[in-house]
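Participant: Submitted below is the structure of interest, expressed as structure tokens.
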Amino acid sequence: MTELVITDLSVSVGGNEILRGVSLTVRSGEVHALMGPNGSGKSTLSHVLLGKPGYEVTGGSVSLDGVDVLTMPTWERAKAGLFLGMQYPTEVPGVSLLDMLGASFAASGIDASGLSDRLSEEAERIGFGQKFLSRPLNVDLSGGEMKRNETLQLGVLKPKIAILDELDSGLDVDALRLVSRRVEAATEEDGLGVLVITHYNRLLTELHPDRVHVLADGRIVAEGGAEMAEKLEETGYAEYASAKPAATAESRFASGGFDA
Amino acid sequence: MAAAEAAFELPPPTAEEEQWRYGPINDFEIESYEPSVASPGPIQVPTEGPSGAAALEAASAVVTVADGWVVNIEVSADAAALGLTIQAGLNEPRTGFGEDADRFDRLHEAFAPPTLCISMRDGAELETPVVIRSHHTGQGRACFPHAVVETGEDAGLDVVEYQTSTSGKGFAAPVVQLSAGAASRLRYVVVQELGEGIVQLGRILCNVGSQATATAAMAAFGGSYARVRTDTRLVGRGATGNLIAIYYADQNQVHDFRTYQHHDAPDTQSDLMFKGAADDNAGSIYTGLIHIHPDGRGSNAHQTNRNIKLSDAAWAWSVPNLEIENNEVRCSHASTVSPIDLDQQFYLHSRGVPPAVADRLIVSGFFGEVVDRFPGVGIQDEIRRLVAEKLDRRGANQ
């Protein structure tokens with residue numbers, strides 16, 4: 001059983017506070033959805049969890065099975081079992097999937113001899129053309145191909161906890177279904193814990209969440225079961241724009257700063 | 001020697017001149033070298049590693065040059081029968097420089113040993129390259145190798161030159177004249193693996209005839225200050241000139257490239273792709289001019305120079321220029337100097353790749369596009385090996 005525990009996390013970018021005391025726990029086999037309007041801090045959270053440069057953690061903690069994640073360099077967080085499926089995967093000219101995953105396996109002391117076959121198997125599972133496997137990373141891929149590529153890496157790297165940022169963008173209905181099936185299978189077969197970030201309920205009709213958290217203005221302002229996502233689809237986020245934070249005593253007492 | 005005296009009467013070039021701007025030419029003193037005025041005779045040129053042993057095995061001919069002097073020529077019987085001729089000392093055509101020849105050009109004319117002449121008969125083509133192994137013995141010598149490579153009408157020829165040296169001090173001012181006859185295919189590759197005691201000021205002069213394609217591809221890894229000026233003249237209608245370079249300077253090295261793409265005839269094409277890296281305190285210079293002559297209507301000219309800076313102290317100049325005297329043309333240029341991309345690093349780190357390994361993958365990948373353009377798989381492997389050597393050294397220092 002693995003547990004990613006985010007406690008009262010506050011993060012600034014260039015002196016502006018983006019996250020204001022976020023607390024959230026993801027355990028093995030669970031699917032959590034993080035929803036919220038543009039600019040609420042969803043992507044910031046995903047970046048901070050993997051240690052992307054440019055963010056300043058001003059308070060709180062993140063731990064994976066009790067080990068402090070925030071002091072680890074990014075690659076060690078990945079080695080420890082965190083995975084980030086990116087909203088906009090970066091093009092890396094001249095570097096293939098095989099090069100990158102081979103280097104990742106080597107760094108973790110995993111035998112990479114069957115890697116090529118693993119890639120082919122995973123590609124097949126999500127309907128990702130074999131021709132893409134030898135391409136430079138994310139170069140000349142469509143949005144949907146990039147998301148399949150991210151999912152394929154998830155399948156091969158077998159992380160403990162995956163943060164999937166806007167996994168649904170660019171995917172058509174069929175691809176969304178295949179990719180969602182693959183992620184759900186990982187939760188069942190490998191006990192993967194998932195934090196999926198999305199604007200829309202569309203993804204959550206395929207990748208069924210156990211819990212839904214609503215992030216607005218850097219705070220978790222509402223939490224509930226899968227039904228909450230359906231409700232949001234009808235009502236939108238307007239009511240949360242000026243809502244009081246609902247999560248914890250600490251955040252309730254945090255000083256103001258809501259814009260609306 | 002009157003010619004040498006006349007050369008020394010010309011002022012030494014300085015970095016105040018546009019042609020030599022950004023580089024360390026002011027620190028260079030030709031007076032501290034002795035000209036190589038006689039052949040050192042047969043020498044042992046390293047054939048493992050640096051001179052690409054694998055490439056030599058499948059060669060149509062192997063020419064050995066020592067301190068600028070041709071000391072051995074071996075031509076396979078098949079290649080000779082097809083029409084490959086290689087000689088030293090005949091015809092001595094040192095007519096490549098115009099009136100703007102500077103002191104180094106005139107010194108080259110004064111001291112160049114007999115010219116290495118390589119030519120391919122009309123309509124004939126070889127499957128394997130002519131390999132030149134040009135070695136500098138150091139010893140404070142100034143060397144002036146001169147080669148002329150010609151293809152007859154509709155001929156095809158590949159020439160690959162490996163430049164090596166001892167670790168000693170030396171100066172080299174090699175000149176290569178390429179002449180591609182009508183509808184011919186001429187490819188010249190130079191892999192520069194000189195020691196760090198060598199200053200090189202080289203020139204490539206390339207004339208491309210009607211419907212012919214000439215490619216000059218350079219890979220620069222060695223030298224202390226190593227410069228090549230390339231003048232490509234597309235003189236026949238429909239001529240194509242391709243310029244390719246990869247360079248990687250570290251420690252205190254400086255790599256310097258000046259290019260000219262002259263479109264003197266209609267419907268001519270040129271494409272330049274130069275990519276470089278600089279690490280430690282090293283630096284690189286790229287300045288290039290696309291010139292479309294008034295007669296160059298229908299020309300298509302491209303110029304791309306990209307540089308990656310691997311340390312804070314490393315530096316790179318990238319200065320592309322266009323001079324267009326005809327409106328019916330298509331020209332483009334692109335130029336970048338930047339450190340390793342932070343997003344690319346983060347992407348690889350986030351998949352569990354440690355930073356040093358990630359940088360290695362990114363730099364190798366950055367060069368991939370230009371390495372793939374080098375003619376010949378063996379050459380590409382050799383260049384990848386040399387990039388890996390540089391990256392090994394980088395890894396060992398971190």
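Participant: Which pairs do you get when a residue that is closer than 10 Å to A:M86 by Cβ, found in the stretch A:155-169, comes within reach of a residue that is assigned to a helix (DSSP H, G or I) and of a type in the set (G, A, S), reach meaning Cβ atoms under 7 angstrom, with the pair 6+ apart or on two chains?
Facilitator: A:I163/A:S46; A:D165/A:S43; A:D165/A:S46
Participant: All but one of (1) in a strand (DSSP E or B); (2) more than 14 Å from every other protein chain (Cβ to nearest Cβ) hold for B:T336; which doesn't?
Facilitator: Checking B:T336 against (1) in a strand (DSSP E or B); (2) more than 14 Å from every other protein chain (Cβ to nearest Cβ), the one that fails is (2).
Participant: Hey, another quick one. When you scan the stretch A:182-218, how many residues do you find that are in a helix (DSSP H, G or I) and more than 21 Å from A:E121 (Cβ to Cβ)?
Facilitator: From the stretch A:182-218, those in a helix (DSSP H, G or I) are A:182-189, A:201-204; that's our starting set.
Next cut, more than 21 Å from A:E121 (Cβ to Cβ) only: A:201-204.
Going through the stretch A:182-218 one residue at a time, the tally reaches 4.
Participant: Which of the residues that make up the stretch B:57-73 are exposed (fewer than 14 other Cβ atoms within 10 Å of the Cβ) and either among the small types (G, A, S) or in contact with a strand residue (DSSP E or B) (Cβ under 6 Å, 6 or more places away or on another chain) (or both)? Walk me through how you get there before you give the answer.
Facilitator: Of the residues in the stretch B:57-73, the ones exposed (fewer than 14 other Cβ atoms within 10 Å of the Cβ) are B:57-58.
Hit for the stretch B:57-73 is B:A58, nothing else.
Participant: Is it the case that the stretch B:385-398 has a residue that's surrounded by fewer than 17 Cβ atoms within 10 Å (Cβ to Cβ), under 30 Å from B:S270 (Cβ atoms) and more than 10 Å from chain A (Cβ to nearest Cβ)?
Facilitator: yes
Participant: Looking at A:L176, A:L164, can you tell me which residue is buried (at least 17 other Cβ atoms within 10 Å of the Cβ), away from chain B (no Cβ under 14 Å) and over 22 Å from A:S96 (Cβ atoms)?
Facilitator: It is A:L176.
Participant: Just the residues that are within 20 Å of B:V337 (Cα to Cα) and more than 20 Å from the chain's Cα centre (by Cα), please, taken from the stretch B:253-293.
Facilitator: B:D279, B:D280, B:N281
Participant: Looking at the stretch A:85-127, which of the residues that are over 21 Å from A:L192 (Cα atoms) and in contact with a Ser or Thr (Cβ under 7 Å, 6 or more places away or on another chain) is nearest to the other protein chains (Cβ to nearest Cβ)?
Facilitator: A:G94
Participant: Can you tell me which residues in the stretch B:234-254 are assigned to a strand (DSSP E or B) and closer than 17 Å to B:L272 by Cα? Break it down stepwise before answering.
Facilitator: So the first thing to find is which residues in the stretch B:234-254 are assigned to a strand (DSSP E or B), and the list is B:234, B:240-249, B:254.
The answer is B:L234, B:T240, B:G241, B:N242, B:L243, B:I244, B:A245, B:I246, B:Y247.
Participant: Within the stretch B:23-44, is there a residue that is touching a residue at least 12 places away in the same chain (Cβ under 8 Å) and more than 24 Å from B:G138 (Cα to Cα)?
Facilitator: no
Participant: Within the stretch B:340-382, how many residues turn out to be free of Cβ contacts under 8 Å to residues at least 60 places away in the same chain, at the interface with chain A (Cβ under 7 Å from one of its Cβ atoms) and either charged (D, E, K, R) or not in a helix (DSSP H, G or I) (or both)?
Facilitator: Number satisfying all stated conditions: 5.
Participant: Right, something else. Scan the stretch A:60-73 and tell me whether some residue there is β-branched (V, I, T), facing another protein chain (nearest Cβ under 10 Å) and over 25 Å from A:R181 (Cβ atoms).
Facilitator: no
Values quoted throughout were computed directly from the atomic coordinates according to the rules given, and no laboratory measurement underlies them. All values derive from a computational prediction rather than experimental measurement. Glycine gets a Cβ as well: all are built from the backbone with ideal geometry, and neighbour counts include every protein chain shown.
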